[in-house]
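Chemist: Handing you this structure, nothing more for now.
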Amino acid sequence: MDFRVDLAIVEHLAKGCRFGLTLHNLSEKSHANWKLNFAFECFVIPDSLSQGELTQVGTFCTLNVNETPLYANNHVYVEFCTATSAFNLLSDGINDAYLDTDAETQLPVAVSPIVLGAVDDRRVLLPEVGAGRHALIPHPQYMEFGESVFELTRYSQICVEDQSMQCVANWLSEEVERLFGLSHKSIGQQDIRFRRSPVLDSEAYKLTVDGSGIEIESNSNAGFTYGCATLIQLMDFDHERHTIYVPHVRIQDAPRFRYRGVMLDSARSFQPVTEIKRVINLLAHYKINTFHWHLTDDEGWRVEIKAYPELTNIGAWRGPTHPLKPQLHSIGDYYGGFYSQQEIREIVQYASDRSIQVIPEIDIPGHSRAAITALPDLLVDPEDQSHYRSEQNYTDNVLSPGISGTYQFLDAVLEEIAQLFPAPYVHIGADQVPVGVWTNSPSCRELMAEQGYRNPKDLQGHLLRYVEDKLRSMGKRMLGWEEAHFGAR
């Protein structure tokens with residue numbers, strides 16, 4: 001590659017760091033007019049540069065040093081400061097970079113790992129733990145192993161008492177074939193039996209493996225799913241004999257925690273449907289019952305809303321010439337994607353078949369830059385002169401409670417989201433609304449006077465109460481991060 005950028009910590013300051021950035025031209029061609037574009041997650045103090053100018057939108061930085069040519073087989077060096085505390089991770093450096101030249105072409109730039117200087121290399125010493133006979137995650141409440149094993153072959157069958165259990169049986173059969181390549185014949189021995197037990201709690205199960213076969217007892221599909229997940233972890237496959245060995249065991253188990261969740265951020269980095277399903281399937285193996293799906297943020301809007309196609313036509317994509325500038329990675333590419341409503345229904349059903357509920361997160365009133373960029377006529381308050389900077393280095397990522405378009409937008413979005421996701425919850429984020437927002441907006445000041453609010457923070461509570469009432473009218477409960485209590489008046 002003809003260009004390389006290095007970043008090193010020059011000095012740890014009392015309230016930040018000073019960095020040295022070196023751009024190397026390893027080619028035989030000089031460039032008089034050039035700009036370096038790179039992704040860097042910390043805010044660069046504009047007047048701290050030793051030379052040139054730097055503009056920053058989120059993580060997307062453009063360094064312009066027009067008075068300094070980039071000569072062949074030479075380099076340009078620039079120092080700058082951030083207000084960030086000491087760096088100690090290699091991932092804290094530059095994530096991606098490319099060069100713009102007067103030829104109007106993007107030239108790739110190799111990125112070196114950040115030079116951290118003095119690193120705290122102390123390690124936590126943990127006592128060695130011997131390998132367990134049967135490692136199960138999570139560990140069951142009670143289990144007692146026997147001395148023998150039960151064999152499963154391609155002639156083994158799964159027997160269910162009623163059709164409501166069939167989706168769990170199908171999942172078990174699919175996983176056995178995926179993991180071990182062992183498919184079941186339509187006629188054979190009923191070696192795995194599902195039996196309903198009304199005395200067990202809704203997510204509890206019993207798993208018994210003995211000489212007569214394998215029996216899973218539960219009072220719900222969730223319990224059967226967890227019993228199957230434990231059974232799969234117990235399986236040992238003999239490739240030569242095409243046989244699965246399962247140790248004789250008696251297990252009684254139930255979840256310790258009612259909510260067992262994992263959040264996936266698809267807004268900042270888009271994952272295709274196949275990857276979403278792979279993650280959900282993995283969660284089922286570890287008895288996770290909630291998939292918290294972060295679908296919107298400053299960097300992307302990922303869910304199709306039929307009332308506003310602009311949200312995905314514009315807000316789902318980033319690129320150097322796109323309204324949403326590159327962020328985080330892939331900064332030289334046209335990057336993004338979204339999930340159609342049909343794909344979302346398919347994913348929700350896929351999760352349900354594995355006893356996992358899907359909770360969508362539509363992040364408001366902050367983290368809304370993708371939506372605002374896609375719908376400026378609806379969501380931009382033209383008279384707002386407030387100045388703020390979010391934690392992610394944006395100055396235009398907050399919905400305004402003072403304009404009618406915000407409520408029109410929220411009504412339409414929440415109505416479609418409520419139809420797509422059957423879970424009783426919708427997460428609305430409500431985090432990281434920056435200081436200074438709404439302070440110099442005539443429409444927000446007017447709203448504050450009408451409602452008797454004294455602090456602009458109260459407007460967040462005003463907006464969230466509107467959202468909570470809207471969701472309640474559709475049979476949903478509002479969830480949010482801890483900052484949702486701000487403006488609780």
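A quick yes/no check of all residues on (1) touching a helix residue (DSSP H, G or I) at 6+ places or on another chain (Cβ under 7 Å); (2) free of Cβ contacts under 8 Å to residues at least 24 places away in the same chain; (3) more than 30 Å from Leu479 (Cα to Cα); (4) assigned to a strand (DSSP E or B):
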| site | (1), (2), (3), (4) |
| --- | --- |
| Ala222 | no, no, no, no |
| Ala229 | yes, no, no, no |
| Ile244 | yes, no, yes, yes |
| Pro247 | yes, no, yes, yes |
| Ile251 | yes, no, yes, yes |
| Val262 | yes, no, no, yes |
| Asn281 | no, no, no, no |
| Ala284 | yes, no, no, no |
| Ile288 | no, no, no, no |
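Chemist: Please go through the stretch 154-174 and give me each residue that is under 28 Å from the mean Cα position of the chain (by Cα) and touching a residue at least 24 places away in the same chain (Cβ under 8 Å), ordered by number.
Modeler: Cys167, Val168, Trp171, Leu172
Chemist: Can you run down the residue pairs with Cβ atoms below 6 Å, 6 or more apart or on separate chains, where the first is in the stretch 382-398 and under 14 Å from Arg445 (Cα atoms) and the partner is not in a loop (DSSP other than H, G, I, E, B)?
Modeler: Here the result reads Glu383/Pro442, each pair linking the stretch 382-398 to a residue that is not in a loop (DSSP other than H, G, I, E, B).
Chemist: Which of (1) in contact with a Phe, Trp or Tyr (Cβ under 7 Å, 6 or more places away or on another chain); (2) without any contact (Cβ under 8 Å) to a residue 40 or more places away in the chain; (3) under 20 Å from Arg241 (Cα atoms) is the odd one out, the single condition Phe180 does not satisfy?
Modeler: The number of the failed condition is (2).
Chemist: Scan the stretch 52-82 residue by residue and report those that are more than 24 Å from Thr395 (Cα to Cα) and surrounded by fewer than 18 Cβ atoms within 10 Å (Cβ to Cβ).
Modeler: Asn66, Glu67, Thr68, Pro69, Tyr71, Ala72, Asn73, Asn74, His75, Tyr77, Glu79
Chemist: Taking only pairs six or more apart or across chains, which ones have beta-carbon atoms under 7 Å, a first residue in the stretch 290-305 that is without any contact (Cβ under 8 Å) to a residue 40 or more places away in the chain, and a second residue that is not in a strand (DSSP E or B)?
Modeler: Arg302/Ser266; Arg302/Ala267; Arg302/Phe270; Arg302/Leu295; Arg302/Ala316; Arg302/Phe338
Any read-out appearing in this document is the output of simple, stated calculations on the displayed coordinates, not a laboratory observation. Since we're looking at a predicted model, the values are computed, not measured. Note that we place each Cβ from the backbone using ideal geometry, even for glycine, and neighbour counts take in every protein chain shown.
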